[in-house]
Amino acid sequence: MTQEEKLQRLLEMQEHPERYTEEEIRQLMTDEECRQLYEQMVRATDAIFSEKVTAKETTAIAPQRRWIQVAAAFIGVLMLSGIAYAAIHIISNVGGNMKSPTQEARVSIQQPQRQNQATEEITDSIPQTRIFENVPLDEMVSELASYYNKVADVQNAQAHDLRLYYKWELKDKIEDVMDDLNHFDHVNLVLEDDKLIVKP
């Protein structure tokens, strides 16, 4: 438990003793740092609100005046509690601006995500459709093979003379593209290992 937490607990214990058991109070007061904090609070209260009164004057004080002194002491304790509470919040806010190693890690993790978002925006602006218009089959297959990291193998001698119109969605799988193209007359595409083959 940090010193701030201990101070806050002492203040809360002083303001709401009914929330704590005797055992909890005893444990808190056995902590040396807590005891020192408590003694400092008491000394500060005494310094602010105690008057140097001789023994004679003490016995001569009327009961009403004693009640006023008790009330003043209580108000002093509440004031100290408020000041301590404010100090804790000021310290925690100042400390909150300093980055811990975990916060720095979060920042470094968030930066690549921003870069990914920028990449996604760039990708979104790139056309996702390629239209082949009157393109020879062998050129089309070469481009498809290159895009899908395959090797184009044109075994059909008429592939250059065969010209097609095809709308290619770049997100489609190579198998789907092959199925579409195989619906054309005189087109027979086969995928073997890493080769996209134009069969005769």
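Charges were assigned to the Cβ only: +1 to each Lys and Arg, -1 to each Asp and Glu. The resulting dipole of segment 125-166 about its Cα centre is roughly 140 debye.
Largest accessible area first, the residues Tyr166, Tyr85 order themselves as Tyr85, Tyr166 under a 1.4 Å probe with ligands, DNA and RNA left out. Applying 0.36 nm per residue to the separation of Arg66 and Gln40 and subtracting their alpha-carbon distance, the gain on full extension is 7.0 nm. To the nearest 10, the accessible area of Lys199 is 60 Å² with a 1.4 Å probe.
The slack in the chain from Thr2 to Ile131, taken as 0.36 nm per residue of separation less the alpha-carbon distance, amounts to 39.7 nm. Subtracting the Cα-Cα distance of Lys173 and Asn149 from 0.36 nm times their residue separation leaves 7.4 nm of extension gain.
The values are calculated or read from the model by the stated rules, or taken from the named source; none is laboratory data. Just so it is clear, the structure is predicted and the values come from calculations on it, not from any experiment. With ideal geometry, Cβ positions are generated from the backbone for all residues, glycine too; neighbour counts draw on all protein chains shown. Ligands, DNA and RNA are excluded from the accessible area calculation, which covers all protein heavy atoms including side chains. Shrake-Rupley method; radii C 1.70, N 1.55, O 1.52, S 1.80 Å.
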